[in-house]
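A.B. asks: Here it is, the structure in full.
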Amino acid sequence: MGHHKKRNLILHLKQLAIFAFGILLWFTPAPDGLTIQAWHLFAIFISVIFAVIIEAFPIFTASIIGVSFTILTSTLSPKEAYSGFSQSFILLIIVAFLIARGVIKSGLGKRIAFLIIKKFGKSSLGLGYSMIAADMFIAPAFPSNTARSGVLFPIVNALAADSGSKVADGTRKKLGAYLMMTSMAGITISSAMWLTAMAANPAGVKMAEEFGVHISYGSWALAASLPTLLAFIAIPWVLFKIFPPEIKETPDAPQIAERELEHMGPVHKNEYIMGFTFISMVTLWVLSPIFGFDKTAIAFLGLAAIMITNIFTLEDLAQEGRALGTLVWFAILYSMSSELNHLGFMSWLGAHISDFVIGFSWQLIYIILVLSYVAIHYFFVSQTAQMLALFSVFLGVGIETGVPAELLALMLLFATNFNAMITPQGSSANVIYLGSGYIESKEVYKYGGVITLLNSFIYLTFGTVWILAIL
């Protein structure tokens, strides 16, 4: 049997296993305390999630199968099943995806990265810090860590190759492996720093509101600032010690960056327009709680500005099918997750978890919940899928057992991002770096695990004290 046929056979067996699992769960009697409707919706929802985890179906395909069964079995009404499509925060995510394309197309993101490298890139360690700093700077305008990796990866790749570190001749560890690993690790904290830096973040904020927790753009950034800064200081240095490059000094990197900047030429008017639009959007998002501005309307205004100036065109829009796909599967999974909560499933599950941790102090419960949430990502391919499946459950349990609601909500949202390097498939951004050949899967399991532990320690210790101090 050929390799392709064997792979297809395994895929079909996974798909059959998912359908068998869903059917078996559907016909299993509902546990005490749950309605048949809640149990049936759970059977469909968890089957969709498992289908994504074991890679039986892409998340888009699994979601549309799930919503079809949900409606055709009358588990939910069409209005309930499609309710996610009316959520403004989901539109915000999609519009921000489109604006991110403008940042890439205008050249602004690339120029910022090269300017930072030109200034701080004289050593391998300095390059590591430079790449994360560039990522941190552009992250607020990129609601997709995958999109940001698409900007950063070519720069890292060029720096490695121009420094004589290449996969083909066996010199990947000369510099490229360290830079790739550091840039990949940096995305885990840049995504935690800004509410708009990862697609799942606004969804988590919306879900937290159902528990009476209100997180603004500014309060998110303030809470994330200290632990993210400490992680930024620690990550390149730790990787430099445990996964060191063979080249310690990179005196040519600033010259490489300068050549690229010269090749780009003077700052183009589109970069000025994109930069002004980007800064204006972030400013208005920060001020939105004070003046009552709608964040999605601000994003639409920003999109309109770059479309009027032809930075982003209708032709570009036609190529952004991934944004439409995100809108569909995100809205579907959000609807199903929300309805599970409304039907009492989350509170039922939370009560059972509460029974397990009953008698513990809220501080210990808080640590158990956050560390469990981080560890469970080992089994998830999608950060967003994990958040939609577990965020409300873990937050509900914590609140019921006395954990401060805003503290736990923020930490779970941060963990959705800083746990992304726990496995090679922990984030779609990881795949781009792995595809370079500079780093291997076993290295991500080993050193990515170390970075995940480091992030968990920093956010749970310094981050917790900081958040409690500013609440």
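The values are calculated or read from the model by the stated rules, or taken from the named source; none is laboratory data. In this text, all values refer to a predicted model and were calculated from it rather than measured experimentally. Note that each Cβ is placed from the backbone with ideal geometry, even for glycine, and that neighbours are counted across all protein chains shown. Surface areas here come from the heavy atoms of the whole protein model, side chains and all, with no ligands, DNA or RNA. Shrake-Rupley method; radii C 1.70, N 1.55, O 1.52, S 1.80 Å.
A.B. asks: Can you tell me how many residues within segment 420-444 are touching a Ser or Thr at 6+ places or on another chain (Cβ under 6 Å) and touching a residue at least 60 places away in the same chain (Cβ under 8 Å)?
C.D. replies: Taking segment 420-444 and keeping what is touching a Ser or Thr at 6+ places or on another chain (Cβ under 6 Å), we get 420-422, 424, 428-429, 432.
Remaining after also requiring touching a residue at least 60 places away in the same chain (Cβ under 8 Å): 420-421, 428-429, 432.
So the answer is 5.
A.B. asks: Right, another one. Starting from segment 31-59, take each residue that is within 18 Å of V328 (Cβ to Cβ) and open to solvent by 40 Å² or more (accessible area, probe 1.4 Å) and list its partners that are of a type in the set (V, I, T) and assigned to a helix (DSSP H, G or I), counting only C-beta distances under 8 angstrom and pairs at least six apart or across chains.
C.D. replies: P58/V52
A.B. asks: Another question, if that's okay. Say we look at segment 261-307 and pick out the residues that are of a type in the set (G, A, S) and open to solvent by less than 30 Å² (accessible area, probe 1.4 Å); which of these is farthest from L195 (Cα to Cα)? Before the answer, list the steps.
C.D. replies: Start the filter on segment 261-307 by keeping residues that are of a type in the set (G, A, S), which leaves 265, 275, 280, 288, 292, 297, 299, 302, 304-305.
Adding the requirement that they be open to solvent by less than 30 Å² (accessible area, probe 1.4 Å) leaves 265, 275, 288, 299, 302.
Values: G265: 33, G275: 19, S288: 13, A299: 13, G302: 17 Å.
Applying the filter and picking the extreme gives G265.
A.B. asks: Kindly indicate the residue of segment 215-258 that is among the polar types (S, T, N, Q) and surrounded by fewer than 20 Cβ atoms within 10 Å (Cβ to Cβ) and also farthest from F120 (Cα to Cα) among those meeting that condition. Please lay out each step first, then the result.
C.D. replies: Of segment 215-258, the ones among the polar types (S, T, N, Q) are 216, 219, 225, 228, 250, 255.
From what is left, the residues that are surrounded by fewer than 20 Cβ atoms within 10 Å (Cβ to Cβ) are 216, 219, 225, 255.
Working: S216: 33, S219: 30, S225: 22, Q255: 11 Å.
Once the filter is applied, the top-ranked residue is S216.
A.B. asks: Report those helices (runs of 4 or more DSSP H) wholly inside segment 322-419 carrying at least 2 residues which are more than 26 Å from M184 (Cβ to Cβ), among the aliphatic types (A, V, I, L, M) and without any contact (Cβ under 8 Å) to a residue 60 or more places away in the chain. Explain how you work it out, then say what you get.
C.D. replies: On the way: elements: 345-357, 362-376, 383-400, 405-418.
Ranges flagged: 345-357, 362-376, 383-400.
A.B. asks: Here is a follow-up. Wholly within segment 79-183, which helices (runs of 4 or more DSSP H) include no fewer than the required count, namely at least 2 residues that are in contact with a Cys (Cβ under 9 Å, 6 or more places away or on another chain), surrounded by fewer than 24 Cβ atoms within 10 Å (Cβ to Cβ) and small (G, A, S)? Lay out the reasoning, then the answer.
C.D. replies: Numbers: elements: 88-106, 108-120, 124-138, 145-162.
Ranges flagged: none.
A.B. asks: Additional query: Can you name the number of the only condition in (1) open to solvent by 40 Å² or more (accessible area, probe 1.4 Å); (2) at pLDDT 85 or above; (3) on the phi < 0 side of the Ramachandran plot; (4) not β-branched (V, I, T) that N310 fails?
C.D. replies: N310 satisfies all of (1) open to solvent by 40 Å² or more (accessible area, probe 1.4 Å); (2) at pLDDT 85 or above; (3) on the phi < 0 side of the Ramachandran plot; (4) not β-branched (V, I, T) except (3).
A.B. asks: Let me ask something additional. It is to be established whether one or more residues within segment 241-250 are in contact with a Lys or Arg (Cβ under 6 Å, 6 or more places away or on another chain) and of a type in the set (V, I, T). Break it down into steps so the answer makes sense when it comes.
C.D. replies: So in segment 241-250, the residues in contact with a Lys or Arg (Cβ under 6 Å, 6 or more places away or on another chain) come out as 246-247.
Those still in the list that are of a type in the set (V, I, T) too: 247.
Yes, segment 241-250 has at least one match.
A.B. asks: Only one of these is farther than 16 Å from A409 by Cα and under 15 Å from the mean Cα position of the chain (by Cα): I439, I458, I432. Name it.
C.D. replies: Working: I439 fails: under 15 Å from the mean Cα position of the chain (by Cα); I458 fails: under 15 Å from the mean Cα position of the chain (by Cα).
Result: I432 is the single residue among I439, I458, I432 that is farther than 16 Å from A409 by Cα and under 15 Å from the mean Cα position of the chain (by Cα).
A.B. asks: Restrict the check to segment 205-215 and report whether at least one residue is modelled with pLDDT of 90 or more and acidic (D, E).
C.D. replies: yes
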